[in-house]
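Worksheet for the structure shown next.
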Amino acid sequence: MKEWFKSGTPWVWGTAGGLAVALVLVFGVLWLTAARGLTYFWPAQVAETTFIEKDGSKIRLIGEVREHEEVSVRSLVESGFNIPGDEKFTTRYLLKLGNRDVSGFDFKWYPAPLLTELTYPKDLLTVERREWGNFYGHLKAVKENGNVVAEGEAAMPELEKRVARARQLFDEIFRTEKQDIGDVNYTLEQLRLKERKLQLEGKFDEAAKQSIESQRMAANGKFAEIQLRLEKLRAEIGRDSLSAEVMDGRVVDVPLAKVSEVYRANAMHLGDKLGFYFRKLYAFGTEDPREANTEGGIFPAIFGTVMMVILMSILVMPLGVMAAVYMREYAGHGPLIRVIRIAVNNLAGVPSIVYGVFGLGFFVYFLGGNIDELFFREALPAPTFGSPGILWASLTLAILTLPVVIVATEEGLARVPQSLRAGSLALGATKAETLWRTVLPIASPAMMTGLILAVARAAGETAPLMLVGVVKLAPNLPLDGHFPYFHLERQFMHLGFHIYDVGFQSPNVEAARPLVYATAFLLVLVIVALNLAAVSLRNRLRENYRGLEGM
Amino acid sequence: MTNMNTTSTKPTAMNMGAALERLQGSTGDASDMPTCLETKNLNLYYGATQALMDVSVQIPKLSVTAFIGPSGCGKSTLLRCFNRMNDLVDNCRIEGKVTLDDDDIYHPSVKVALLRRRVGMVFQKPNPFPKSIFENVAYGLRIMGVKDKRTLTETVERALRGAALWDEVKDRLDTNGLSLSGGQQQRLVIARAIALEPEVLLLDEPCSALDPIATAKVEELLVELKNRYTIVIVTHNMQQAARVSDFTAFMHLGEMVEFADTNTLFLQPKMERTSDYITGRFG
């Protein structure tokens, strides 16, 4: 036994075991989020079955089987189900019944013994709507202005054609509302600010008034014109509807204006399903969220996260590198610098919410408030920079990650061989020239390491952001076509907060759960992508300085 | 000590006898020649420890002067006084006077960077920058603000030729300086120094990290270079001192024990400590 310990074998096993546990955990996280999140986009089969009520009456159920689990019969009996037989355990199914507007509930658990066999009729129709979630039913007819235009077998192709038309119209309406009306609103807002500014400066004379008034008239005219166009489009899109039989036998009309997608999942082939899957996945990454974030895509959140991280990097790198250079190269070794160094290291351990509070108090209220006073008087009392926004969020994260960058850079500077500095100085370079031309380039891979750590920490941070700029739903991206293009004062969406919001604050938790996993997986992907970018940059830098190790 | 032992046991291009034979023919006296570098009553302290004791020496122009002595005797410290590299040591304090062409180099008005352009230095271990060979040699020029492409190319070529490295690297000037062999790196570093056309070239044990063949090349180079530069070399290797130098200074425990032309110092040392050292009785 003693020999075995001496041989070092236990060490090998122990260390390898530690690594194995770490790997299992990492891959477990990835597997869980990927498996739960990515399967969500696969077109689910729609089942039809019958449920036997307590009084023996039967009701028809139509819906997707979302989950199943083993439960004890006793607990089912206690909660009022009448389970025949004497088995101890049985299965229960979670059915997504959809039709929230018709039946009033979306998800429900049913014990298997009380269900007849699940069947998957090929003609069951899934309708994805922009409101009220999914709709399931047997398609009966397609209507135009309330008159039936297609029935029976002919209904489905007709429906697909009309849905495509409705979707096109919807896109046009969306574009018009977002862009054209957005432009007019922007113009009007600019005019209002200009007027207010002139008034504040006391230069609001008759000529200025007339000029602004005429511009305002023009904008209003344009607005009325767009309104007219929109009304026409809205009438167009409201033309068609479909009628379908839902599970309790009623026939319900669904206006196509609200429909984003129709398909018969049970009749789809693998190829169709794959196409559908990737289309959905793509839409998830590129579209705006709908229905209190429980449907649709998460593009604004991805965009906000990435932009905030990039802004943060731009802010933190110069600050951190300069601080580290001063500490390592100029400050000497006195007790004061030791205290500062310890303080910097400790900053890395301060809870992030504390930074959030600081950001809110100092950046948002103090700095932002003063900026508004000085430069945006005309917009007051509405705050411009005096409210949470992406700039303040990035700055808050920049000071949060500052210690990481400082420590990494300092270590990099310490590793630059003294002989190289001596060589540079001996050639008549001053200390500053030596720093610029030799020391900093050689330390740059270490700075990149600092950046990588900072990005990893910042991209995943959520708590402080809730105080300084992240919102559940941002109407506009921080980057758009209106001058000055970057709107640093705007609030933004963030994947981390999105997960929290969808998972725990949403009105329909069951429906949103797969989205939480999908978003989590995407957040991990975004962080991995940002890190890979930084790592590849670092490796390219390192390549230049290979062979220095021996010095 | 280990350093000295390893270098002195190396097989060298010339053995001691041959080196001394060469010395027989050489004549010369430091006082005959114009002085380049001079120290007067130089005392140097690292904190409380005194590293140089009252050193006074005159180093003649356009010649090779070697500093020999056991480890810790202060020869490198003295060498680093000539281009004020000791300024970088935190608690180093200097008393006395060091002049270059009669200018006091420790005068407050002296710009250290300019001084170091006049007094180049090569270190014990080759320390090329992690840049291309071209950029290594052009480093000092770029610091001086030279931007003209043609001037740079010409100077780099001249310096590399001067350091006897041109033929070996002319086809790969853009490869990393660190990819060269040790001996080539050391000659690259010499080229880097002479690209600035300094008056003095200080070499701090330039061959201690090199193999015998590379050592021989660097030594040949030094003999050539002394036509244009005043060279001061610190070495542990007495054969090397005998082979390449015109004048030799023997230092011990921070004192300048004896300074004479190499011939005299090795064949007729005046001081007992010198003869004990060169005959291997101590050190």
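The values are calculated or read from the model by the stated rules, or taken from the named source; none is laboratory data. Given the structure is predicted, the values throughout are model-derived calculations rather than measurements. Every residue, glycine among them, receives a Cβ derived from its backbone with ideal geometry; neighbour counts consider all protein chains shown.
Restricting to region A:353-406, what's the tally of residues that are of a type in the set (S, T, N, Q) and buried (at least 22 other Cβ atoms within 10 Å of the Cβ)?
3
For region A:526-544: of the residues being surrounded by 15 or more Cβ atoms within 10 Å (Cβ to Cβ) and farther than 12 Å from A:M448 by Cβ, which is modelled with the lowest pLDDT?
Step by step, filter region A:526-544, then rank; the result is A:N544.
So which residues in region B:207-235 are touching a Pro at 6+ places or on another chain (Cβ under 9 Å) and assigned to a loop (DSSP other than H, G, I, E, B), if there are any at all?
B:A209, B:L210, B:Y229, B:T235
When the residues of region B:58-88 are narrowed to those that are surrounded by fewer than 20 Cβ atoms within 10 Å (Cβ to Cβ) and among the hydrophobic types (A, V, I, L, M, F, W, C), which ends up farthest from the other protein chains (Cβ to nearest Cβ)?
Residue satisfying both the conditions and the ranking: B:L62.
Conditions (1) basic (K, R); (2) in a helix (DSSP H, G or I); (3) surrounded by 14 or more Cβ atoms within 10 Å (Cβ to Cβ), marked per residue:
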position	(1), (2), (3)
A:F204	no, no, yes
A:A208	no, yes, yes
A:N220	no, yes, no
A:A224	no, yes, no
A:S243	no, no, yes
A:A257	no, yes, yes
A:V262	no, no, yes
A:L274	no, yes, no
A:F278	no, yes, no
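Return the residues of region B:211-238 that are surrounded by fewer than 23 Cβ atoms within 10 Å (Cβ to Cβ) and within 14 Å of chain A (Cβ to nearest Cβ); say none if nothing qualifies.
none
Regarding A:N508, is this residue modelled with pLDDT under 80, surrounded by fewer than 20 Cβ atoms within 10 Å (Cβ to Cβ) and away from every other protein chain (no Cβ under 14 Å)?
yes
Can you tell me how many residues in region A:469-483 are farther than 17 Å from A:S394 by Cα and of a type outside the set (D, E, K, R)?
Residues in region A:469-483 being farther than 17 Å from A:S394 by Cα and of a type outside the set (D, E, K, R): 6 in total.
Identify, please: which residue in region A:164-182 is charged (D, E, K, R) and in contact (Cβ under 8 Å) with a residue 12 or more places away in the chain and is, among those, farthest from A:E128 (Cα to Cα)?
My answer is A:D180.
Which one of these does A:Y263 not meet: (1) closer than 17 Å to A:F135 by Cβ; (2) modelled with pLDDT of 90 or more?
Unmet condition: (2).
Residues of region A:104-122 being under 21 Å from A:G56 (Cβ atoms) and surrounded by 17 or more Cβ atoms within 10 Å (Cβ to Cβ), which ones?
A:Y110, A:P111, A:P113, A:L114, A:L115
Counting only residues that are touching a helix residue (DSSP H, G or I) at 6+ places or on another chain (Cβ under 6 Å) and either surrounded by fewer than 20 Cβ atoms within 10 Å (Cβ to Cβ) or within 7 Å of chain B (Cβ to nearest Cβ) (or both), how many does region A:426-443 have?
Residues that pass the stated criteria total 7.
Filter region A:76-126 for residues that are within 39 Å of the chain's Cα centre (by Cα) and more than 28 Å from A:V262 (Cβ to Cβ) and give the result.
Listed by number, the residues that qualify are A:L76, A:S79, A:T90, A:T91, A:R92, A:P111, A:A112.
So, in region B:123-162, of the ones that are aliphatic (A, V, I, L, M) and facing chain A (nearest Cβ under 8 Å), which residue ends up nearest to A:S424 (Cα to Cα)?
Looking at residues that are aliphatic (A, V, I, L, M) and facing chain A (nearest Cβ under 8 Å), I get B:I143.
Scan A:G423, A:G450, A:G469, A:G496 and give me the residue that is within 11 Å of another protein chain (Cβ to nearest Cβ) and buried (at least 20 other Cβ atoms within 10 Å of the Cβ).
Result of the check over A:G423, A:G450, A:G469, A:G496: A:G423.
Taking interchain pairs and intrachain pairs at least six residues apart, which have beta carbon atoms under 9 angstrom, with the first residue in region A:432-446 and in contact (Cβ under 8 Å) with a residue 12 or more places away in the chain and the second of a type in the set (F, W, Y) and part of a helix (DSSP H, G or I)?
A:R437/B:Y139; A:T438/B:Y139
Please work out which residue is farthest from A:T438 (Cα to Cα), limiting yourself to region A:374-405 and to residues that are free of Cβ contacts under 8 Å to residues at least 12 places away in the same chain and part of a loop (DSSP other than H, G, I, E, B).
Selected residue: A:P381.
Can you tell me which of B:D54, B:D87 is free of Cβ contacts under 8 Å to residues at least 40 places away in the same chain, not small (G, A, S) and not in a loop (DSSP other than H, G, I, E, B)?
B:D87
Please enumerate the residues belonging to region A:478-487 that are surrounded by fewer than 19 Cβ atoms within 10 Å (Cβ to Cβ), of a type outside the set (D, E) and either part of a helix (DSSP H, G or I) or at negative phi (or both).
A:L479, A:G481, A:H482, A:F483, A:P484, A:F486
Would you pick out the residues in region B:119-162 that are under 19 Å from B:N83 (Cβ atoms) and assigned to a strand (DSSP E or B)?
B:V119, B:G120, B:M121, B:V122
Being closer than 29 Å to A:R290 by Cβ and of a type in the set (S, T, Y) is the filter here, so list the residues in region A:109-133 that pass it.
Residues satisfying the conditions are A:Y110, A:Y120, A:T126.
Exactly one condition in (1) in contact (Cβ under 8 Å) with a residue 12 or more places away in the chain; (2) in a loop (DSSP other than H, G, I, E, B) is false for A:P475; which is it?
That leaves (1) as the condition not met.
Looking at the structure I just gave you, is A:Q215 surrounded by 13 or more Cβ atoms within 10 Å (Cβ to Cβ) and among the polar types (S, T, N, Q)?
yes
Just need a number here: residues in region B:190-206 that are within 11 Å of the chain's Cα centre (by Cα), part of a loop (DSSP other than H, G, I, E, B) and either on the phi > 0 side of the Ramachandran plot or within 12 Å of chain A (Cβ to nearest Cβ) (or both).
Final tally of qualifying residues: 1.
For (1) surrounded by fewer than 17 Cβ atoms within 10 Å (Cβ to Cβ); (2) in contact with a strand residue (DSSP E or B) (Cβ under 6 Å, 6 or more places away or on another chain); (3) touching a residue at least 12 places away in the same chain (Cβ under 8 Å), each residue gets a yes or a no:
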{"position": "B:K97", "(1), (2), (3)": "yes, yes, yes"}
{"position": "B:L100", "(1), (2), (3)": "no, yes, yes"}
{"position": "B:H107", "(1), (2), (3)": "yes, no, no"}
{"position": "B:K111", "(1), (2), (3)": "yes, no, no"}
{"position": "B:R116", "(1), (2), (3)": "no, no, yes"}
{"position": "B:V122", "(1), (2), (3)": "no, yes, yes"}
{"position": "B:P126", "(1), (2), (3)": "no, no, yes"}
{"position": "B:P130", "(1), (2), (3)": "no, no, yes"}
{"position": "B:F134", "(1), (2), (3)": "no, no, yes"}
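Could you please find all residues in region A:406-420 being at the interface with chain B (Cβ under 8 Å from one of its Cβ atoms) and either in a helix (DSSP H, G or I) or out of contact with any Leu (no Cβ under 7 Å at 6 or more places or on another chain) (or both)?
Residues satisfying the conditions are A:S419, A:L420.
So, in region B:163-180, how many residues would count as being within 22 Å of B:V223 (Cα to Cα) and either within 14 Å of chain A (Cβ to nearest Cβ) or part of a loop (DSSP other than H, G, I, E, B) (or both)?
Selection size over region B:163-180: 3.
If only one of B:G25, B:G47 is at pLDDT below 90 and more than 16 Å from B:F266 (Cβ to Cβ), which one is it?
Sole residue among the options that is at pLDDT below 90 and more than 16 Å from B:F266 (Cβ to Cβ): B:G47.
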